[in-house]
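One structure is given here, and the rest of the page talks about it.
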Amino acid sequence: MESGKYTKPDAVFELRGKEYKVAAGQTVRASLQAVDLNPELYLFVLCGELVTDDRIVEAGESYRVVAVVSGGDN
Amino acid sequence: MRCRKCGEKAAINMRQHKLALCREHFLQWVPDQTERFIEKYKMFARDERVLLAVSGGKDSLALWDILLRLGFAADGLYIELGIDGDMQYGQRSRACVRKFADAHGAHLITVDMRPKYGATIPELAQLTRRGKDKPCSVCGVSKRYIMNRAAREGGYAVLLTGHNLDDEAAVLFQNTLHWQTGYLARQAPVLPASDAGFVRKVKPLCRFYERETAAYALLREIDYMYAECPFSVGANTIYYKEMLGRLEAERPGAKLQFYLSFLQAREDGFFAGAKEDEGLRSCESCGQPTTAPGQCAFCRMWAAVRLRKWESRGGAENPVVAQAGGR
């Protein structure tokens, strides 16, 4: 029997082959912070388009998260 | 969020500038700003021959793209380091560079470490004390040497690299932590040519955040090497970048302010220690400039490698090999 409790549907963030399920209804920035990632170090691609981190995540969306940091000797 | 210029949906928000732009206006803004920095810091003139070091990563390929769009006839220099491992890092990087050069009809110079100098970076790292547990150091010495030599031999007036603001801020932070005043004195958007043989080195992207160069590469659909160098895991610069990123998240513009304030302090003479040419002499083996007596760091490194190889063969052959310039 169903509990009747409402659970927000998820969206998916994909980063370097790893998937993070995030709750819909919050900003991309907040979603990333919720999984302990710093939004300053990533870009977000939705359906092939770069989107800003104030976008509200909707249920069923799948974002590609692109890490921007590179490094080594300078 | 909307583009400040046209009101369309923004593709990127640059909090440090309080500026959001759509794809079209961002792709116009980046070259405009680059050209402004080239002029502001007097990096190079349109009639000068410029050589751009390209790794296959987002920054150098983005810079190449920007320069070509601005009408500069920039040639590329790719150094085959021999770093592959499971992910075929070198092969994939080279493919990205080659693909870009072919697509744009740009001239590409390739220097292959193994045939030219006798060992790849991973092999060098194994054979030297300098490279033990930190191949980035061996790689840095090699790249700086090869870049300067290629620029000199090719008759280029200026050598460009794709260092962005995050690169600069991370190194600045590291050098400040250790009060490396000599390094601080030499960190600048432009390092002038020296009589001793250093070509002018410039960093046209030094005021762009790494997010912006990555966004530019994505929006221009540049096929760049996304995977990191396998040796960069745990590198200091990445650690400092992540740390500065945390600061930036709380204080937008902190990285930019840190770097620009440093440049101002430098201009005001706070780091006016050793002059660029002071103490520079020619390496006794290859003739490239160095501050060290005798051989430069690159030639010393190779001398050590030859000695180690000789020892490993039981001293059967004479370790004295032709000077670095002759290999």
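Every number in this text was worked out from the coordinates using simple rules, so none of it is lab data. Bear in mind that the values here come from a model prediction, so they are computed numbers and not experimental data. Cβ placement follows ideal geometry from the backbone for every residue including glycine, while neighbour counts extend to all protein chains displayed.
Cα axis of helix B:236-250 to longest principal axis of chain B: angle in degrees, 0 to 90, nearest 10?
So the helix axis and the longest Cα principal axis differ by about 10 degrees.
Take the residue pairs A:18/B:241; B:18/B:134; B:132/B:203 and return only those whose Cα atoms are more than 32 Å apart. Before the final figure, lay out the partial values.
On the way: A:18/B:241 22 Å; B:18/B:134 39 Å; B:132/B:203 30 Å.
With Cα atoms farther than 32 Å apart: B:18/B:134.
With springs only between Cα atoms under 10 Å apart, run a GNM on chain B and tell me which of B:162, B:314, B:90 wobbles the most.
B:314
Could you go through segment B:11-24 in sequence order and give the Karplus-derived ³J(HN,Hα) for each residue, using 6.51 cos²θ - 1.76 cosθ + 1.60 with θ = phi - 60°, rounded to whole Hz, and x for Gly and Pro?
Per-residue couplings from phi come out as 9, 8, 10, 9, 5, 5, 9, 6, 9, 10, 9, 7, 3, 4 Hz.
Return one number: the angle in degrees, 0 to 90 and rounded to the nearest 10, between the long axis of the Cα atoms of helix B:254-267 and the longest principal axis of the Cα atoms of chain B.
60 degrees
To make sure I understand the rule: partners must be lysines, Cα under 17 Å from the Cα of residue B:99, and not fewer than 8 residues away in the same chain. Which ones qualify?
List returned: B:58.
I need the phi-derived Karplus couplings for segment B:201-213: 6.51 cos²θ - 1.76 cosθ + 1.60, θ = phi - 60°, integer Hz, Gly and Pro marked x.
Working through the residues one at a time gives 10, 9, 10, x, 9, 5, 10, 9, 5, 4, 4, 6, 5 Hz.
Remind me, relative contact order of segment B:24-278 in percent, using alpha carbon pairs under 8 angstrom and six or more residues apart? The partial results should precede the final answer.
On the way: 356 pairs, mean separation 60.7, N = 255.
Relative contact order, segment B:24-278: 24 percent.
With r defined as the distance between the Cβ atoms of residue B:102 and residue B:227 and R0 fixed at 22 Å, what FRET efficiency is calculated, to the nearest 0.05? Kindly include the intermediate steps, with their values, before the conclusion.
Values: r = 21 Å, r/R0 = 0.97.
Approximately 0.55, to the nearest 0.05.
Normalised radius of gyration for segment A:10-67, please: alpha carbon Rg relative to 2.2 N^0.38 Å, two decimal places.
So the Cα radius of gyration is 0.94 times the expected 2.2 N^0.38 Å.
Between residue B:112 and residues 5 or more places away or on another chain, which pairs have amide H atoms under 5 Å apart, with H built 1.01 Å from N, and which residues are they?
Here the answer is B:80, since their amide H atoms fall under 5 Å of that of residue B:112.
Between beta-carbons, use under 12 Å as the cut-off and find the net charge around residue B:23, counting Lys and Arg +1, Asp and Glu -1.
Net charge in that neighbourhood comes out at -1.
Using only Cα atoms and rounding to the nearest 10 degrees, what angle (0 to 90) does helix B:135-153 make with the longest principal axis of chain B?
90 degrees
Residue separation times 0.36 nm, minus the C-alpha to C-alpha distance between residue B:242 and residue B:282: what's the value?
Separation in residues times 0.36 nm, less the Cα-Cα distance, equals 10.6 nm.
Could you compute how fast chain B diffuses translationally, taking Rh as the Kirkwood radius over C-alpha pairs and applying Stokes-Einstein at 37 °C with viscosity 0.692 mPa s? Give it in µm² per second. Walk me through the intermediate numbers first.
On the way: Rh = 21.1 Å.
The diffusion coefficient I find is 155 µm²/s.
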